[in-house]
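The values are calculated or read from the model by the stated rules, or taken from the named source; none is laboratory data. Everything numeric here is computed off the predicted structure, so don't read it as measured data. Glycine gets a Cβ as well: all are built from the backbone with ideal geometry, and neighbour counts include every protein chain shown. When the accessible area is computed, the model is the full protein with side chains, heavy atoms only, and any ligands, DNA or RNA have been set aside. Shrake-Rupley method; radii C 1.70, N 1.55, O 1.52, S 1.80 Å.
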Amino acid sequence: MIVLSKRNQFLCLQIENHNVDKDLMAKVKAVVNQHYEENMKERFFKSEIVKSLDHKETTRNIDWESAFFVWHRPESNIDQLPNLPAEFQKSMDEYIDQLIKLAELLAELMSENLGLEKNYIKQAFSGSKGPSVGTKVAKYPHCPHPELVRGLREHTDAGGIILLLQDDKVPGLEFFKDGQWVEIPPSKNNRIFVNTGDQLEVLSNGLYKSALHRVMTDKNGSRLSIATFYNPAGEAIIAPAPKLLYPQGFSFQDYLKIYAETKFADKVPRFEIMKKLNNGPQDLLV
């Protein structure tokens, strides 16, 4: 069971009982690690990124990662990427089919937690062919000078709901909360780590914040990261849900008239009345 606290502004959680097949998750990890070893590792350690550390000066404009991106929805490009064997493609496609179901469940829970209709986020994210879904497949290789470079620089995610299948041994992920960096431990037992991006902050009118995060490098181990993004379609128009907006453009005198009759009642219905008076009922549709 997944339970969200009421309008939690910093939404990061790890889910264990997610109904995604754990053998399949282990398979996806295995084929990704194999692909890195056979096709990406040597190229990375011959790259300009690695050479830049020879001077042992702090580098601020590069990321110590070896990564590629796979699109799944509305159209897949997995069969167009080089050196991905059929076993990789099959395992990833089956995993994504299950992961999308989890993302849709989370979208429903988040919508209800915000006081919106169950399908609000899914509908807001959908274009003519539904939401956009893609996966960043990354390895953060062991780094001889972790004090000089980040695995991935500080950023927030652009999209909606992010579901991360990460390493179960090597740490590195950190989130910024209450003025300090918080280490996220490796995910044991095939837990899926979830956080939210910029579009959910907009849609929720700031009730869900996109969190600043980064990846630190490690001297002794290479960290695996398979981050799937459940995002709005490219043509989706994102705006705060009208139900979550405060009333606007009313006179204080009009407000006092309503207040006099509802002073000892909850304020939320009072705000809804002011929306109707000022904007008309058509602006209340959600």
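Considered as a group, the residues in the stretch 151-163 that are part of a loop (DSSP other than H, G, I, E, B) and surrounded by 14 or more Cβ atoms within 10 Å (Cβ to Cβ) include one that is farthest from the chain's Cα centre (by Cα), and that residue is 156.
In the stretch 76-129, what residues are among the polar types (S, T, N, Q) and either open to solvent by less than 50 Å² (accessible area, probe 1.4 Å) or part of a loop (DSSP other than H, G, I, E, B) (or both)? Outline the logic, then answer.
Within the stretch 76-129, the first condition is being among the polar types (S, T, N, Q), and the residues that meet it are 76-77, 80, 83, 89, 91, 98, 111, 113, 119, 123, 126, 128.
Passing the criteria: 76, 77, 83, 89, 91, 111, 113, 119, 126, 128.
One line per residue, one yes/no per condition, for (1) open to solvent by 10 Å² or more (accessible area, probe 1.4 Å); (2) among the small types (Gly, Ala, Ser); (3) in a strand (DSSP E or B):
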{"site": "165", "(1), (2), (3)": "no, no, yes"}
{"site": "175", "(1), (2), (3)": "no, no, yes"}
{"site": "181", "(1), (2), (3)": "yes, no, yes"}
{"site": "186", "(1), (2), (3)": "yes, no, no"}
{"site": "194", "(1), (2), (3)": "no, no, yes"}
{"site": "205", "(1), (2), (3)": "yes, no, no"}
{"site": "234", "(1), (2), (3)": "yes, yes, no"}
{"site": "238", "(1), (2), (3)": "yes, no, no"}
{"site": "247", "(1), (2), (3)": "yes, no, no"}
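Checked against (1) open to solvent by 30 Å² or more (accessible area, probe 1.4 Å); (2) more than 20 Å from residue 152 (Cβ to Cβ); (3) modelled with pLDDT of 90 or more, residue 56 meets all criteria but (3).
Here is the figure for the stretch 9-33: residues that are part of a helix (DSSP H, G or I) and either touching a Ser or Thr at 6+ places or on another chain (Cβ under 7 Å) or touching a residue at least 24 places away in the same chain (Cβ under 8 Å) (or both) total 10.
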